[in-house]
Amino acid sequence: MTIRPKTPKELDAMREGGKILDNVLQSVNDFVAPGKTLKEIDAFIHKLIIEAGGNPSFLGFNGYPAASCLSPNDVVVHGIPNAYIVKEGDIIGIDVGVEWEGYHTDAAFAKPIGSISNEAQKLLRTTQEALKHAVEVAIAGNQVQDIGAAVEDFVRSQGDFGIIRDLTGHGIGRNLQESPNVPNYRTKDTTALVDNMTLALEPMLTLGDWRVTLDDDGWTIRTKDGSLSAQFETTVIIRENDPEILVPFPLGFSVDQQK
């Protein structure tokens, strides 16, 4: 598979979108608290993106009805913001995309609401660290399979977590989702990582089994066994030595932070 690297102009647009998205995630982290509904949080996110001059990448994508994906507890990804009221002890997955001048960036983090169990805390910490391991090997000269191997090897060293297999990271740019798919487990995908390729890397882990189910709304994906899940995601530009991270917040977020 041959992937077209982005031009300098395209990368500049993605850098600007990444700055907007990073600021949005920092602001929404402060906004989310017990008593807020997922709809209120989504409206806040939508407003921030528009005020910054961007557009919400998710809104209208294949018919998706909101500016963000907000996924509580056993919802892995693609949770449609609804009237659910955030409460103490929840884990809320916050996944947002920003389009700027026709190019997209995508990032996510899992926020603990107040006190959560030690087991849940370790889930968040391991998922975030898995993203860091994915980023470290996302360099020119490596292959897609190196990212999945790095994630799986690290996760397996931390305990018996489920690694979601039905969902992957992906290329990103003019389209929200582009080739290649980037699994978070070992594969034999020899697709080369080349300079100026752009990827959205997103490990997704559970406290139980890796299998998932799809709700009747056609979007919400949750763990089949009802176990807690977490997702951390950022967008990167592939370089020869270290990738350029366009949305730093998910990597720097303190999973020990409680509110």
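Here are some notes:
- Answer residue from segment 166-177, given it is touching a residue at least 60 places away in the same chain (Cβ under 8 Å) and of a type outside the set (G, A, S) and is farthest from T223 (Cα to Cα) among those: R174
- In the set V194, V155, V255, V236, only one residue is of a type in the set (V, I, T) and within 30 Å of G60 (Cβ to Cβ); that residue is V236.
- Every residue from segment 233-259 that is at pLDDT 95 or above and either of a type in the set (G, A, S) or touching an Asp or Glu at 6+ places or on another chain (Cβ under 7 Å) (or both): E233, T235, V236, I237, I238, R239, V247, P248, F249, P250, G252
- Filter result for the condition that a residue is open to solvent by 10 Å² or more (accessible area, probe 1.4 Å), among the hydrophobic types (A, V, I, L, M, F, W, C) and touching a residue at least 40 places away in the same chain (Cβ under 8 Å), over V212, V236: V212
- Among the candidates R186, R222, the residue that is among the basic types (K, R), out of contact with any helix residue (DSSP H, G or I) (no Cβ under 8 Å at 6 or more places or on another chain) and under 18 Å from I163 (Cβ atoms) is uniquely R222.
- Residues that are part of a helix (DSSP H, G or I) and either more than 15 Å from I92 (Cα to Cα) or of a type in the set (A, V, I, L, M) (or both) within segment 30-43 comprise L38, I41, A43, listed in sequence order.
- Matching option when the condition is in contact with a Lys or Arg (Cβ under 8 Å, 6 or more places away or on another chain) and either in contact (Cβ under 8 Å) with a residue 40 or more places away in the chain or open to solvent by 20 Å² or more (accessible area, probe 1.4 Å) (or both), among E10, E40, E16, E51: E10
- Verdict on A140 being modelled with pLDDT of 95 or more and either buried (at least 22 other Cβ atoms within 10 Å of the Cβ) or among the acidic types (D, E) (or both): no
- Residue within segment 161-174 that is in contact with a Gly (Cβ under 6 Å, 6 or more places away or on another chain), open to solvent by less than 30 Å² (accessible area, probe 1.4 Å) and not in a helix (DSSP H, G or I) present: yes
The values are calculated or read from the model by the stated rules, or taken from the named source; none is laboratory data. Since the structure is predicted, the reported quantities are computational estimates derived from the model, not experimental observations. Cβ atoms come from the backbone with ideal geometry, glycine included; neighbour counts cover every protein chain shown. All accessible areas refer to the heavy atoms of the entire protein, side chains included, with ligands and DNA or RNA removed. Shrake-Rupley method; radii C 1.70, N 1.55, O 1.52, S 1.80 Å.
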